[in-house]
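Beneath this line is the structure, given in structure tokens, with notes to follow.
The values are calculated or read from the model by the stated rules, or taken from the named source; none is laboratory data. Note that the structure is predicted; figures quoted are calculated from it, not measured. Heads up, the Cβs are rebuilt from the backbone with ideal geometry, glycines too, and the neighbour counts pull from every protein chain shown. Just so you know, the surface numbers come from the protein's heavy atoms only, side chains and all, with ligands and any DNA or RNA stripped out. Shrake-Rupley method; radii C 1.70, N 1.55, O 1.52, S 1.80 Å.
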Amino acid sequence: MSAVLDKLRFLLVDDNHHMRAIVSTILKGVGVRHVHEAIDGAEGLQILKDRQIDIAIVDFKMSPLDGVQFTQLVRNSPDSTDPFLPIIMLTGFAERHRVFEARDAGVTEIVVKPVTARSLLDRIDMVIFKPRPFIRSGDYFGPCRRRRQDPHYGGPFRRATDKGAIEL
């Protein structure tokens with residue numbers, strides 16, 4: 001994987017200097033050469049406008065612009081430079097409603113703090129080698145929120161790509 005990582009450009013957005021140092025050290029330790037850092041979502045958005053970024057790693061809770069707002073702007077703003085940007089969210093808030101909030105904003109993957117090299121690298125591996133398709137619905141744009149197909153699902157099929165769906 002390091003042959004892939006040395007070519008990728010990462011954006012690391014976290015208001016905590018120590019967390020940025022930890023994540024940056026993990027990334028550089030596996031061969032990442034390009035890490036751009038920002039202290040909040042607003043600065044992160046400016047970096048996205050100025051530089052080509054391949055993967056963003058953002059903290060959930062920041063001020064004045066947090067990770068959820070950052071993700072919503074990347075996904076939905078008319079002037080977004082890359083609405084398909086893989087976004088990995090770091091969070092110390094692992095409560096179900098917080099995870100759903102991040103997911104529903106369009107976050108690609110979530111890493112719960114304390115961050116370990118393995119947990120972060122697993123999520124990076126997912127966005128590189130197993131990307132989920134993006135979907136657009138009335139109020140959502142982002143990676144497909146389905147993590148698995150339930151073979152016992154008996155409800156209505158809602159997408160043309162669902163096995164067994166009838167095209168109208």
Going through segment 52-64 in order, the residues found to be surrounded by fewer than 19 Cβ atoms within 10 Å (Cβ to Cβ), modelled with pLDDT of 95 or more and not acidic (Asp, Glu) are 52
Restricting attention to segment 62-71, the residues that are more than 11 Å from the chain's Cα centre (by Cα), of a type outside the set (Asp, Glu) and within 13 Å of residue 105 (Cβ to Cβ) number exactly 2
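Limited to segment 1-14, what total is found for residues that are within 17 Å of the chain's Cα centre (by Cα) and either outside any strand (DSSP E or B) or loosely packed, with under 14 Cβ neighbours inside 10 Å (or both)?
Filtering segment 1-14 for residues within 17 Å of the chain's Cα centre (by Cα) gives 5, 8-14.
Filter once more, keeping what is either outside any strand (DSSP E or B) or loosely packed, with under 14 Cβ neighbours inside 10 Å (or both): 5, 8, 14.
Of the residues in segment 1-14, 3 are within 17 Å of the chain's Cα centre (by Cα) and either outside any strand (DSSP E or B) or loosely packed, with under 14 Cβ neighbours inside 10 Å (or both).
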For segment 73-93 the number of residues that are crowded, with 20+ Cβ neighbours inside 10 Å and among the polar types (S, T, N, Q) is 1
Residue pairs qualifying under the 8 Å Cβ cut-off, at least six apart or on distinct chains, with the first in segment 122-138 being under 14 Å from residue 107 (Cα atoms) and the second being modelled with pLDDT of 95 or more and open to solvent by 90 Å² or more (accessible area, probe 1.4 Å), are 134/84
Is segment 25-37 home to any residue that is surrounded by fewer than 22 Cβ atoms within 10 Å (Cβ to Cβ), of a type in the set (D, E, K, R), under 19 Å from residue 123 (Cβ atoms) and modelled with pLDDT of 95 or more? yes
Taking segment 15-24 and keeping residues surrounded by fewer than 21 Cβ atoms within 10 Å (Cβ to Cβ) and part of a helix (DSSP H, G or I) leaves 17, 18, 19, 20, 21, 22, 24
